[in-house]
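K.L.:
Take a look at this one; I'll ask things after.
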């Protein structure tokens, strides 16, 4: 199996054009790695209280523990840059990649090529199995898919690392269908 890394983000809203990214996580597809997760001290843009209520990240926690946007780009460059960039996976991964791309634009940098090329999306895989009749249509959200496939819903659901680990487990189940 190719080097696959599952990613997830937590953000200050739903629109990557105007809302900041507050948390990033990545976990290897193979093995039991707990991965990497960090907060990002990004206060550029519009923050939705509804988004903050969903993931529960406190503003003080972000200010105290968050990496600068420049530091976040540096870490992501190391994780996903050359010589052997991983293939990325996630649930509705286009959402996460849009926020990561915004982070790079803010810093006037180019993201690693692995962030812009051939990703694996568990949401799309779920829809494929819905169309084939393998699973019910109600299973396309991450929470409903986790429940359907009897994957333990993380205690910290809607935190980036917990969701990345759960998505990794979902991807394993989907590949067995």
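K.L.:
Can you name the condition, by its number, that residue 65 falls short on among (1) in contact with a strand residue (DSSP E or B) (Cβ under 6 Å, 6 or more places away or on another chain); (2) modelled with pLDDT under 95; (3) surrounded by fewer than 17 Cβ atoms within 10 Å (Cβ to Cβ)?
P.N.:
Checking residue 65 against (1) in contact with a strand residue (DSSP E or B) (Cβ under 6 Å, 6 or more places away or on another chain); (2) modelled with pLDDT under 95; (3) surrounded by fewer than 17 Cβ atoms within 10 Å (Cβ to Cβ), the one that fails is (2).
Rundown of residues vs (1) modelled with pLDDT of 95 or more; (2) loosely packed, with under 14 Cβ neighbours inside 10 Å; (3) out of contact with any strand residue (DSSP E or B) (no Cβ under 6 Å at 6 or more places or on another chain), yes/no style:
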{"position": "4", "(1), (2), (3)": "no, no, no"}
{"position": "11", "(1), (2), (3)": "yes, no, no"}
{"position": "15", "(1), (2), (3)": "yes, no, yes"}
{"position": "26", "(1), (2), (3)": "yes, no, no"}
{"position": "69", "(1), (2), (3)": "yes, no, yes"}
{"position": "81", "(1), (2), (3)": "no, no, yes"}
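K.L.:
Whether any residue in region 102-113 is in contact with a strand residue (DSSP E or B) (Cβ under 9 Å, 6 or more places away or on another chain) and under 20 Å from residue 168 (Cα atoms) is what I want to check.
P.N.:
Residues of region 102-113 in contact with a strand residue (DSSP E or B) (Cβ under 9 Å, 6 or more places away or on another chain): 102-103.
Among the residues that remain, those that are also under 20 Å from residue 168 (Cα atoms) are: none.
Within region 102-113, not a single residue is in contact with a strand residue (DSSP E or B) (Cβ under 9 Å, 6 or more places away or on another chain) and under 20 Å from residue 168 (Cα atoms).
K.L.:
How many of the residues in region 155-177 are in a loop (DSSP other than H, G, I, E, B) and within 18 Å of residue 33 (Cβ to Cβ)?
P.N.:
If we filter region 155-177 for residues that are in a loop (DSSP other than H, G, I, E, B), which is where we start, we get 155-159, 177.
Retained after the next criterion (residues that are within 18 Å of residue 33 (Cβ to Cβ)): 156, 159.
Number of matching residues: 2.
K.L.:
Considering only region 7-101, give the helices (runs of 4 or more DSSP H) lying wholly within it that have at least 3 residues that are within 17 Å of the chain's Cα centre (by Cα) and without any contact (Cβ under 8 Å) to a residue 60 or more places away in the chain. Steps first, please.
P.N.:
Details: elements: 49-55, 59-65, 69-80.
Once the helices (runs of 4 or more DSSP H) in region 7-101 are filtered for at least 3 residues that are within 17 Å of the chain's Cα centre (by Cα) and without any contact (Cβ under 8 Å) to a residue 60 or more places away in the chain, what remains is 69-80.
K.L.:
For residues in region 105-127 being part of a helix (DSSP H, G or I) and in contact (Cβ under 8 Å) with a residue 40 or more places away in the chain, which is nearest to residue 140 (Cα to Cα)?
P.N.:
From region 105-127, those part of a helix (DSSP H, G or I) are 105-106, 113-115, 122-127; that's our starting set.
The next check asks that each one be in contact (Cβ under 8 Å) with a residue 40 or more places away in the chain; those that pass are 106, 122, 125-126.
Details: 106: 32, 122: 9, 125: 9, 126: 6 Å.
Looking at the filtered set, the residue picked out is 126.
K.L.:
Take region 128-155 and flag every residue that is surrounded by 15 or more Cβ atoms within 10 Å (Cβ to Cβ) and either farther than 30 Å from residue 84 by Cβ or in contact (Cβ under 8 Å) with a residue 24 or more places away in the chain (or both).
P.N.:
So in region 128-155, the residues surrounded by 15 or more Cβ atoms within 10 Å (Cβ to Cβ) come out as 129-130, 135, 139-140, 142, 144-146, 148-149, 151, 154.
Answer for region 128-155, where residues must be surrounded by 15 or more Cβ atoms within 10 Å (Cβ to Cβ) and either farther than 30 Å from residue 84 by Cβ or in contact (Cβ under 8 Å) with a residue 24 or more places away in the chain (or both): 129, 130, 135, 139, 140, 142, 144, 145, 146, 148, 149.
The values are calculated or read from the model by the stated rules, or taken from the named source; none is laboratory data. Nothing here was measured: the structure is a model prediction, and the numbers come from that model. With ideal geometry, Cβ positions are generated from the backbone for all residues, glycine too; neighbour counts draw on all protein chains shown.
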